[in-house]
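Data block below; observations after.
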Amino acid sequence: MTIAFIGLGNMGGGMAANQARAGRKVMAFDLSADALARAMAHGCDTAASAAEAVKAADVVITMLPAGPHVRAVYAHDIIPNAKPGALLIDCSTIDVDSARSVAELAVKAGFKAADAPVSGGTAAADAGTLAFMVGAEADDFAAVEAALGPMARVVIHAGASGAGQAAKICNNMLLGISMLGTCEAFALAEKLGLGADRFFEIASKSSGQCWSVTSYCPVEGVGPATPADRNYDGGFASAMMLKDLKLAQEAAARAGAATPLGAQAEALYALFAGQGYAQRDFSAVLQMLRGQIYTLKKD
Ligand code: NAD
């Protein structure tokens, strides 16, 4: 199986490497020369453009920042150049309308299309243990699952085109809220004289347990290795979390759903990102809640 992989950033870099590790031929492309060099070191072939990368591919995977990037790459590079009948899978987190619109364009042009955003963060991208939520025709799901296999712990069919993005937006609204709750709790525990390592152990085994506490602890030196242990470099940028929270609020407004905590989370991440920390990992919001934002390196 030949895979074209476009977008080799924090997530896509590890994901493309796992495709190559599984013995697949990977034609990789990114606008960043550093990202291309890393992909080459991990066994991928590199292309001079997205258009060139997709030409001989059975499966085209995109892992790009946001909706406008995906729309542009589909319209200008993938649809005019991909092999007839190829399977096009977008793994980026984007708005439901963009996901449906690129899938519609693709299907009209004779391709199979799926939206398959991921959950799990960069550690799971590197380890090949991501959770994929897929919006696709039921008949195409088995092919999508096979294509995503080397990058996945689990691949779940959410429904028709756009359903994967709907699931992702709801999941990330919950994640943003849970990370803020986790940071508030750690900041309060410290003020009450409770050691962060003690609180981690207790919360991990009590009803406050959640992924933000146990797998992505925002406190340096506590729990498994996380971006907190490297001054909040890499990981999941606060700007990306803010993007997802905005997508959730836009979707909620259109659907008439009440999401007051999601709105509050969006406001807090906008405040944090706007102070010069947009590229810090989203767990760095702890420093703002601790009143210790001055300890953080700006972007
Ligand atoms: P990133 O900014 O690290 O990577 C995006 C890459 O896309 C960059 O290397 C950039 O150079 C490249 N790019 C942009 N435009 C391009 C183009 N026209 N052609 C080729 N390459 C192009 O972002 P990331 O953290 O890897 O996230 C990617 C997507 O995954 C986002 O939609 C994000 O919301 C989602 N996501 C991220 C995480 C995480 O923990 N980082 C987790 C789940 C989902």
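Summary of values
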read-out	value
Built amide H within the under 5 Å cut-off of V155, gap 5+	F132
Within the chain, percent of DSSP bridges classed antiparallel, to nearest 5	15
Gain on full stretching of the segment that runs from A160 to D229 - 0.36 nm per residue minus C-alpha separation	20.9 nm
Largest-first principal axis extents, alpha carbons of segment 4-113, Å	36, 26, 23
Span-like helix ranges in the chain, DSSP H, alpha carbon extent 20 angstrom or more, Kyte mean at least 0.5	163-191
Gained length - A185 relative to T214, 0.36 nm times residue gap less alpha-carbon distance	9.1 nm
Percent of C-alpha pairs per 5 Å bin, segment 171-295, short to long	2, 12, 22, 24, 19, 13, 6, 2, 0
For L88, distant residues with modelled amide H under 5 Å away	V60, K112, A113, A114
Length-normalised contact order for segment 1-77 - Cα pairs under 8 Å, 6+ apart - percent	38
Note, ³J(HN,Hα) from phi for segment 290-299, Karplus 6.51, -1.76, 1.60, rounded to Hz, x at Gly and Pro	6, x, 10, 5, 5, 7, 8, 6, 6, 4
Kirkwood Rh in Å, taken over all unlike Cα pairs in segment 1-57	10.5
Highest to lowest packing among 164-174, 142-152, scored as the average C-beta count within 10 Å	164-174, 142-152
The chain: translational diffusion in µm²/s, Stokes-Einstein, Kirkwood Rh over Cα pairs, 37 °C, 0.692 mPa s	166
Theoretical FRET efficiency, 1/(1+(r/R0)^6), r = Cβ-Cβ of T129 and S204, R0 22 Å, to 0.05	0.70
Whole-number D in µm² s⁻¹ for segment 249-299, Kirkwood Cα-pair radius fed into Stokes-Einstein, 4 °C, 1.567 mPa s	108
Reachable lysines from K55, criterion Cα separation under 18 angstrom, eight or more residues apart if same chain	K25, K83, K112
Globularity index of segment 144-220, i.e. its alpha-carbon radius of gyration over 2.2 N^0.38 Å	1.45
Gained length - A37 relative to Q264, 0.36 nm times residue gap less alpha-carbon distance	77.7 nm
Estimated 222 nm signal from helices in the chain, with DSSP H stretches of n ≥ 4 weighted -39500 (n - 2.57), rounded to 500	-14000 deg cm²/dmol
Mean Cα-pair separation over length for the chain, i.e. relative contact order, pairs under 8 Å, 6 or more apart, %	13
E250-A72 FRET efficiency (beta carbon distance; Förster radius 30 Å; 0.05 resolution)	0.90
Set of lysines with alpha-carbon distance to K205 below 22 Å, sequence-local pairs under 8 removed	K191
DSSP beta bridges in segment 59-146 [antiparallel fraction, %, rounded to 5]	25
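Laboratory data are not the source of any read-out in this text; all were calculated from the coordinates shown. The structure displayed is predicted, hence computed values, not measured ones. Cβ: placed from backbone, ideal geometry, glycine included. Neighbour counts: every protein chain shown.
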